[in-house]
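Undergrad: Structure in structure tokens, see below.
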Amino acid sequence: MHREIGMLTAKVDMILEGVRRSEEKSDASRASMHRRMDEIVDRVSKVELTTSAVQEDVTEMKPITDEVKMWRQRGIGALAIVGIGASALTFVATKFGAALLAWAGSR
């Protein structure tokens, strides 16, 4: 009977040792996971800071960009007016140019 109790005690000790090793592995795994989570939190906070800085820059640039777009539209309109004027002047010169030169030469 002492021998059987000794065998049971040895088996319980082996089970306890296995549980202890399992707990040590779990502790190490949890520590690693917490370390990685802390790294992720740091990286996300850096991304948030960068994003907010970029958002502020974009907010500052938007009025300037809108103003440049307005200038561009006005420039295109001015070019269209100049083009129409030049076309009208060319038409008048080609249609009545010879007659005007003859009239001016006869005087």
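Where a number appears in this text, it was derived from the coordinates with a stated rule and is not lab data. Predicted model only: the values in this text are computed from it and were never measured. Cβ: placed from backbone, ideal geometry, glycine included. Neighbour counts: every protein chain shown.
Undergrad: Roughly what % of Cα-Cα distances in segment 1-61 sit above 18 Å, to the whole percent?
TA: 67 percent
Undergrad: Compute the Rg/Rh shape ratio of the chain: radius of gyration over Kirkwood radius, all on alpha-carbon atoms.
TA: 1.87
Undergrad: Now a separate question. What does the charge dipole of the chain about its Cα centre add up to, to the nearest 20 debye, if the Cβ of each Lys and Arg holds +1 and the Cβ of each Asp and Glu holds -1?
TA: It comes to approximately 840 debye.
Undergrad: Cut-off 10 angstrom, C-alpha nodes, Gaussian network model of the chain. Which of T50, T65, T90 fluctuates the most?
TA: The residue with the greatest mean-square fluctuation here is T90.
Undergrad: Could I ask something else about it? If the reach is capped at under 14 angstrom between alpha carbons, list the aspartates and glutamates near K46, excluding any in the same chain fewer than eight residues apart.
TA: D38
Undergrad: Helix-only estimate, please: 222 nm mean residue ellipticity of the chain, summing -39500 (n - 2.57) across DSSP H runs of length 4 or more and dividing by its residues, to the nearest 500.
TA: It comes out at -38000 deg cm²/dmol, rounded to the nearest 500.
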